[in-house]
1. Determine whether residue 148 is within 18 Å of residue 86 (Cβ to Cβ), touching a residue at least 24 places away in the same chain (Cβ under 8 Å) and not in a helix (DSSP H, G or I).
2. Please specify each residue of segment 106-136 satisfying the condition of being on the phi > 0 side of the Ramachandran plot and either aliphatic (A, V, I, L, M) or touching a His at 6+ places or on another chain (Cβ under 9 Å) (or both).
3. Test residue 148 against the criterion of being crowded, with 17+ Cβ neighbours inside 10 Å and over 17 Å from the mean Cα position of the chain (by Cα), and give yes or no.
4. Given the structure, is residue 119 surrounded by 14 or more Cβ atoms within 10 Å (Cβ to Cβ), free of Cβ contacts under 8 Å to residues at least 60 places away in the same chain, of a type outside the set (A, V, I, L, M) and in a helix (DSSP H, G or I)?
5. Please pick out the residue among 70, 65, 119 that is at pLDDT 90 or above and either within 16 Å of the chain's Cα centre (by Cα) or acidic (Asp, Glu) (or both).
Amino acid sequence: MKRSLVFFVLALFLMAGQLARAQSKQQIIDSLQQRIEELQHQVDTATFITGLEKLVNYLDWEFRETTDREAFLSQTKPKFQGGDANTFSVWVNKHLQQQFDENNVPLEGRVTLCFTVSETGEVTNVKVLRSVHPKLDEEAVRVVSSSPKWLPATSNGTPIRTVYTFPVVFQAR
């Protein structure tokens, strides 16, 4: 059942992403409803409900944070200090503090965050998408939240808000 849930949720997310780049919010909802009705007959009820809950949570986040279609169609990506994601990764790693468990053993892992780069370049709405350990989550959110301003994404020359997904990797030093 777990394997079918993964494939089902992945199919819904991919479909939502493709639709979001191409259509209005109502068209996306209509298309998803039609596709969900088709998929409902291909998986068991528990898998269907769990997958649907995950999709609703994902879409709620996307549409709450990205209120217009332009954010999905940005012509330029947000830039950190004139560079790309690698420049931001270097900055994040420089500011991370090693975290330890209760036995003073260094914690390691990859925390995946989602955040918004606003029209003014500020990093807001930092959320953990994939958790490893509460201490690592807290440190990753702290560092990314303290980021200096970015150069925001643009659409037709106008700065726009963009949702960004970013992994923070903790390694013992």
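1. Values: within 18 Å of residue 86 (Cβ to Cβ): yes; touching a residue at least 24 places away in the same chain (Cβ under 8 Å): yes; not in a helix (DSSP H, G or I): yes.
Yes: the conditions hold for residue 148.
2. Residue satisfying the conditions is 109 alone.
3. No; evaluated as a whole, the condition is false for this residue.
4. The answer is no for residue 119.
5. Checking each option against the conditions leaves just 119.
The values are calculated or read from the model by the stated rules, or taken from the named source; none is laboratory data. Only a predicted model underlies this, so the values are computations on that prediction, with no experimental measurement involved. Note: ideal-geometry Cβ built from the backbone for every residue, glycine included; neighbour counts use all protein chains shown.
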